[in-house]
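Beneath this line is the structure, given in structure tokens, with notes to follow.
The values are calculated or read from the model by the stated rules, or taken from the named source; none is laboratory data. The structure presented is a predicted model; accordingly, all values stated were derived computationally and were not measured. All Cβ positions, glycine included, derive from the backbone under ideal geometry; neighbour counts span all protein chains shown. Only protein heavy atoms, including side chains, enter the accessible area calculation; ligands, DNA and RNA are left aside. Shrake-Rupley method; radii C 1.70, N 1.55, O 1.52, S 1.80 Å.
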Amino acid sequence: MRFNHFIYILVFMLSCSFMQAQVKFEAKVSKKRLGLNERLRVDFEMNADGDNFNPPNFEGFRVIGGPNQSISNSWINGKRSYSKTYSYFLSPQKKGSLTVGQATIDIKGQTYKTVPIPVTITAAVSKPKDPNDADYLASENVHLVAEISKTNPYLNEAITVVYKLYVSQEVSITSNWREINSPKYADFWSQNIDSRGNYKIYEGKYQGEDYRYVVLRTTVMYPQKTGKLEIEPLTLDVPIDVPSKRRDLFNRPLMTRVNKTISAGNRTINVRPLPEEGKPANFTGAVGDFKFDVATNKRKLDANESLELAVRVSGRGNMKLFDLPQLKLPSSLEVYEPERNDDIKTQRNGMSGTVIENYTVVPQYKGNYPVRPISFSYFNPKTETYETLSSEEIVIEVENGPVNGDTTATNVQTAKGKEPVNLLDDQFEYLKLEGDLEPIESKNFFQSTLFWSLLATPFLIIPLFILIGRGRKRRLADVDGNRLRKANQLAKKYLGEAKKNSGDKVKFYESLERALHNYLKAKLDIETSEMSKEHISTILSDHKVEPSVVSEFMQLLKSCEFARYAPASTNTIQKDYDTAVGTISNIDKQFQ
């Protein structure tokens with residue numbers, strides 16, 4: 001008997017192992033060798049339903065489609081056949097050997113992993129020019145162009161790059177294109193001027209043919225290095241509707257949607273250095289066309305009274321990329337560090353505006369103080385010459401104040417430093433050296449207000465604790481209220497991940513569907529394979545859940561299946577999340 005019992009146990013264990021071994025989860029690719037301009041399809045297939053599917057990061061590829069989910073469930077001769085597939089469409093980013101990484105999924109409490117698949121990427125392959133092929137029509141009728149205002153600028157001279165998307169009359173596109181690669185402009189100071197989604201359609205020519213086009217982006221750049229500089233391409237994934245061979249009832253061609261990856265291509269800018277011949281000694285890197293002046297808000301004042309002196313440069317050029325000249329003032333004037341104010345706008349033809357440095361000046365003595373002219377030099381790329389502008393001499397008249405007898409008011413600050421300043425006998429007469437101070441009377445602490453306050457505080461706190469304790473008892477006795485609060489906490493616990501992904505439609509509905517399934521598994525104690533809508537509805541009804549709540553839950557499951565492939569606004573996502581919170585909370589309250 002013991003031997004037979006042992007045989008039974010062994011057979012049972014082998015049967016369980018065999019049943020577990022029947023679960024399959026594998027990755028398949030459409031081809032293992034493809035060109036740089038071709039696409040790769042990757043399918044992750046399983047023969048049993050699972051949860052928490054995690055795809056690989058697809059390093060070396062761009063995801064241009066997916067995940068697309070398909071389920072096949074059939075019965076043949078009394079045997080159930082089940083298949084579930086997640087599909088992705090990838091575009092390689094470089095040549096060489098790449099690997100489709102490992103994906104994972106949880107099936108029946110176990111974690112399964114796929115085997116990584118190596119893929120070889122070759123140079124771009126030539127495609128047949130079939131006028132009836134949708135991919136060929138899409139590639140021939142939509143073009144992304146980077147138009148550059150000047151390809152051989154001077155160092156720090158403004159250039160403009162305008163990205164235009166040309167579309168022929170034979171095809172149509174929507175505004176749902178997706179930016180895959182954005183240029184970095186590593187050797188340039190740059191600023192984008194985006195259309196912010198308000199794209200205007202223009203009529204134009206592309207290679208002599210009539211096209212429509214939109215301006216996607218305008219970028220203003222100032223090169224910071226000389227020589228040949230590369231501008232990285234802007235790359236987009238664009239859904240394109242092209243005519244097919246099929247016709248509708250009115251003999252109009254039916255449209256087929258094709259996703260194409262298009263790029264503006266690399267552009268090279270040859271940056272010329274600024275000429276050394278004729279470069280002024282005070283040149284600080286300003287390139288453009290400017291005006292320069294020095295002005296004060298007053299020219300007559302008294303000693304120890306302040307005035308504002310402004311050094312101003314205005315015009316068009318690299319306004320943020322150069323320094324203003326420094327003032328040279330008489331030594332008897334106290335000068336504070338300047339405050340810089342910029343009023344600069346960046347438009348398609350570059351930066352323009354005004355840069356001001358405001359100095360606060362305080363004279364110490366009576367007299368006349370000249371502010372000598374200073375000069376500002378810049379390079380004008382239109383004339384290809386250096387130009388120098390000088391300010392006018394300004395005389396500051398200090399009418400009232402002490403007189404510096406040893407030095408004249410016209411002594412100015414030089415490179416060697418300031419002239420010595422002698423202090424007068426009445427220099428600090430305004431300082432008060434004797435104060436009217438009175439001693440503070442000491443008080444007995446045990447008769448103070450603080451003592452009586454500390455003594456009375458415990459008698460005031462005790463009734464407060466009594467009230468809090470009674471409120472806590474009423475809260476614990478409120479069975480329905482506690483049940484409601486517990487239900488809301490449970491709903492938020494399962495839906496926390498969906499809330500985090502509310503900014504991404506696909507991830508949000510995947511997380512929402514996973515949360516609903518995990519909640520059912522925990523609440524109803526059923527496996528994923530038993531989660532048919534009819535079975536769930538029956539179990540919830542058997543546990544006294546109201547039909548309207550069951551209907552809401554079923555509708556949520558349907559929304560998760562279809563919303564990932566249909567447009568969804570932020571309001572729709574928030575509405576589905578709020579509905580899920582309320583439905584789970586209601587189920588938990590009514591479940592018996």
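Sites listed here are chymotrypsin sites (Phe, Trp or Tyr not before Pro) in region 128-234 whose DSSP assignment is loop and whose Cβ has at most 15 other Cβ atoms within 10 Å: Tyr199.
Taking amide H positions as modeled 1.01 Å from N, with prolines and chain starts lacking one, the residues under 5 Å from Glu232 and 5 or more places away or on another chain are Lys184, Tyr185.
Distance from the C-alpha centroid of region 199-244 to that of region 152-186: 3 Å, rounded to the whole angstrom. Please identify the trypsin sites (Lys or Arg not before Pro) of region 158-265 that satisfy two criteria: DSSP loop assignment and at most 14 other Cβ atoms within 10 Å. Which are they? Qualifying residues, ordered by number: Lys184, Arg196, Lys200, Lys225. Which entries in Lys94/Lys260; Lys300/Lys328; Lys205/Lys228; Lys500/Lys523; Lys31/Lys108; Lys95/Lys260 show an alpha-carbon gap greater than 26 Å? Violating the 26 Å Cα-Cα cut-off are Lys205/Lys228; Lys31/Lys108. Under 27 Å of direct C-alpha separation, and excluding same-chain neighbours fewer than eight residues apart, Lys225 reaches these lysines: Lys150, Lys164, Lys184, Lys279, Lys291, Lys320, Lys345, Lys382. Tyr386 contributes about 40 Å² of solvent-accessible surface, heavy atoms of the protein only, 1.4 Å probe.
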